[in-house]
Amino acid sequence: MKNNQKYSSVEDLPEASVASVSTVYIKTGSWRVYRPEIDKEKCIKCFICWRCCPDISIGIDEEGYPKINYDYCKGCGICSHECPNEAIKMKREGK
Amino acid sequence: MNRAGIPIEEYVCSGHSACPGCGALLVLRYVLKVLGKNTIVTSPACCFTAIAGMFPDTCMEVPLLYNAFETTAASASGIEAALKIKGKKDNTHVVAFAGDGGTADIGLQAISGALEDGHNIIYVCYDNEAYMNTGIQSSSLTPMGATTTTNPIGKEAGWKITPKKNMMDILVAHNIKYAATVNPSYPIDFVKKVEKAKATKGFSYIHAYSVCPTGWRYQPELGLEMGRLATETGAFPLYEVENGKYNITYKKKTKNVLEYYKLQGRFRHLSEDFINDVQAYIDQEWQKLILKEECSKK
Ligand SMILES: Cc1ncc(C[n+]2csc(CCOP(=O)(O)OP(=O)(O)O)c2C)c(N)n1
Ligand code: SF4
Ligand SMILES: [Mg+2]
């Protein structure tokens, strides 16, 4: 997103109601109760977890495995449920 | 480039405020993957407005315009008309993105008008089957038997007794060029249908199944499983209508609706008799759909 300015007063607002500040500064990972963890030995690199993540928080690491971005993952558990090889386990945060 | 059968590019970013496991985000994410960066989205009051972020925040890499609840199709028509005047319509897609309430209830007349006027827009309804953003009120797309916060209570009631309005048929009655139902649990079928909508010159409609763990009361990890059950039981059939011709894209209706209903808290109270009525209704609608497809082949 190019226009990353913050609005501080009414005068700064654009003429039309077109949103322009990216939400990436909001770290939704703090919402998480259960934490998905990928077992690379079981992962078959099908990327179904990447495809079904509603928080767009699964990327790819140097070895080509899916990599969870814990800054944003809300811990919904869909990736763990959908993984065809049970390579993602949900673990309670802080335990 | 594709990964796991769908385009790699992302036009939605993290940091949005959808509930964990919300389907609306997957719907928008898949739609934009196909349409690409030359897209303008307009959205009314609905969960998605809250999800995208409070103005001026946005979780999108493409322009997003906020419109009033009943005006989504009118707003999209206006954007399209302006782009035409500027000579930019040919390579820009205009997407109206609204919830079931904003589509089938308050926004219905605007859709009817925009379609009749032949505006070249893609209307996407993400159907989470109630007014979720304001606290789970009943809409005309709430399914038979679901409890919401606005169903009259009593010994024999407390849930919606009438079936879902058939939005697809309403739009087909307008001689729409392309209309399709999609479900994020079937991403490859989803992407294919959006490709067709993208190629359509004129109004096209995508009706998307969109799970809502908060309003439907189920464990969020079951989201895509829920979608598969909705389609396998015939509660949410997958089909498309191209110039009046019906084509069912998922034919294996193999399961009993009870398997789908029993996973969700919003159906918990239902008696066996009521579930049988729901099953009879779904079977009857499925038969009609098959007949429509058969007629299309003649
Ligand atoms: C004219 C008008 N009436 C009522 C509202 C309040 N309102 C905001 S969002 C909403 C519910 C939207 O429901 P739906 O379109 O199904 O989207 P969802 O929230 O379920 O995603 C309502 C009633 C409004 N914003 N404007
Ligand atoms: S209430 Fe439902 S539709 Fe709205 S953000 Fe939450 S899960 Fe999504
Ligand atoms: Mg809704």
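Below 8 Å, C-alpha to C-alpha, sequence gap of six or more: please give me the relative contact order for region B:23-296 in percent. Please list the in-between numbers first.
Details: 515 pairs, mean separation 44.6, N = 274.
Relative contact order, region B:23-296: 16 percent.
What distance in nm separates the two pseudo spin-label positions at B:Lys262 and B:Ile188, each 7 Å out from Cα along the beta-carbon direction?
Label at B:Lys262, label at B:Ile188, 3.1 nm between them.
Could you work out the pair-distance distribution P(r) of chain B from its alpha-carbon pairs, with 5 angstrom bin width and percents rounded to whole numbers?
1, 5, 12, 17, 20, 18, 13, 8, 4, 1, 0, 0, 0
Return the distance in nm (one decimal) between the two label points of a simple spin-label model at B:Ala280 and B:Cys295, each offset 7 Å from Cα along Cα→Cβ.
Output for this residue pair reads 2.4 nm.
Would you mind ranking B:Val211, A:Val21 by Cβ crowding within 10 Å, fewest neighbours first?
In order of increasing Cβ crowding within 10 Å: A:Val21, B:Val211.
Over chain A, what is the relative contact order in percent, taking alpha-carbon pairs closer than 8 angstrom and at least six residues apart? If you can, show how the numbers build up before the last one.
Values: 133 pairs, mean separation 32.1, N = 95.
Dividing the mean separation by the residue count of chain A yields 34 percent.
Which of the trypsin sites (Lys or Arg not before Pro) across region B:77-167 are loop residues per DSSP, with 15 or fewer other Cβ within 10 Å? Working shown, then result.
Details: sites: B:Lys84, B:Lys86, B:Lys88, B:Lys89, B:Lys155, B:Lys160, B:Lys164, B:Lys165; in loops: B:Lys86, B:Lys88, B:Lys155, B:Lys160, B:Lys164, B:Lys165.
Taking region B:77-167 and a limit of 15 other Cβ atoms within 10 Å, the loop trypsin sites (Lys or Arg not before Pro) found are B:Lys86, B:Lys88, B:Lys155.
As a footprinting exposure proxy, order B:Tyr246, B:Tyr260 by other Cβ within 10 Å, with the fewest listed first. Write out the running numbers ahead of the final one.
On the way: B:Tyr246 20, B:Tyr260 25.
Ascending number of Cβ neighbours within 10 Å: B:Tyr246, B:Tyr260.
Go through A:Lys89/B:Lys165; B:Lys88/B:Lys165; B:Lys165/B:Lys251 and tell me which ones have a Cα-Cα distance over 28 Å in this structure. Don't skip to the end; give the middle numbers.
Details: A:Lys89/B:Lys165 40 Å; B:Lys88/B:Lys165 36 Å; B:Lys165/B:Lys251 22 Å.
As for pairs spanning more than 28 Å Cα to Cα, those are A:Lys89/B:Lys165; B:Lys88/B:Lys165.
Among A:Glu37, A:Glu62, which comes first, second and so on when ranked by fewest other beta-carbon atoms within 10 Å?
On the way: A:Glu37 12, A:Glu62 6.
Neighbour counts put them in this order, fewest first: A:Glu62, A:Glu37.
Using the Kirkwood formula on the Cα atoms of the protein assembly as shown, what hydrodynamic radius do you get, in angstrom to one decimal? Intermediate results must be reported in sequence, preceding the final value.
Details: mean 1/r = 0.0463 Å⁻¹.
With all distinct Cα pairs of the protein assembly as shown included, I get 21.6 Å.
Let me know the Kirkwood hydrodynamic radius for chain A, please, with Cα pairs as the basis and the value in Å to one decimal.
15.3
Which value results when the Cα radius of gyration for region B:87-197 is divided by 2.2 N^0.38 Å? Write out the running numbers ahead of the final one.
Details: Rg = 16.2 Å, N = 111, 2.2 N^0.38 = 13.2 Å.
The reported ratio for this selection is 1.23.
Relative contact order, percent, of region B:37-177 when contacts are C-alpha pairs under 8 Å separated by at least 6 residues?
Numbers: 249 pairs, mean separation 29.5, N = 141.
Over region B:37-177, the number comes to 21 percent.
Please report the antiparallel percentage of DSSP beta bridges with both residues in the protein assembly as shown, rounded to the nearest 5. Write out the running numbers ahead of the final one.
On the way: 21 of 46 bridges.
Counting only bridges with both partners in the protein assembly as shown, antiparallel ones make up about 45 percent.
So which aspartates and glutamates can A:Lys40 reach, going by Cα to Cα under 18 Å and dropping same-chain residues fewer than 8 places off?
Excluding near neighbours in sequence, the set is A:Asp61, A:Glu62, A:Glu63, A:Glu82, A:Glu86.
With r as the distance between the Cβ atoms of A:Ser8 and B:Lys196 and R0 = 45 Å, compute the FRET efficiency 1/(1 + (r/R0)^6) and round to 0.05. It would help to have the intermediate numbers written out before the result.
Working: r = 45 Å, r/R0 = 1.00.
Once the sixth-power term is evaluated, E becomes 0.50.
Bin all alpha-carbon pair distances of region B:176-298 at 10 Å intervals from 0 and give each bin's fraction as a whole percent.
Bin by bin from 0 Å, the calculated values are 13, 39, 34, 14, 1.
Using a Förster distance of 30 angstrom, determine the FRET efficiency expected from the C-beta separation of A:Ser17 and B:Ile8, and round it to 0.05.
Values: r = 31 Å, r/R0 = 1.03.
Computed FRET efficiency for A:Ser17 and B:Ile8 comes out at 0.45.
Apply 1/(1 + (r/R0)^6) to the Cβ-Cβ distance of B:Asn38 and A:Lys45, taking R0 = 41 Å, and write down the FRET efficiency to the nearest 0.05. Don't skip to the end; give the middle numbers.
Values: r = 31 Å, r/R0 = 0.77.
According to the calculation, E is roughly 0.85.
When DSSP assigns beta bridges and you keep just the ones with both residues in region B:23-296, what percent turn out antiparallel, to the nearest 5? Display every interim value, and only then the final one.
Details: 9 of 32 bridges.
Beta bridges within region B:23-296, antiparallel portion: roughly 30 percent.
FYI, it's all coordinate maths here, none of it is from the lab. Note that the coordinates shown come from a computational prediction; the quantities given were computed from them, not determined experimentally. Virtual Cβ from ideal backbone geometry, glycine too; neighbours counted across all protein chains shown.
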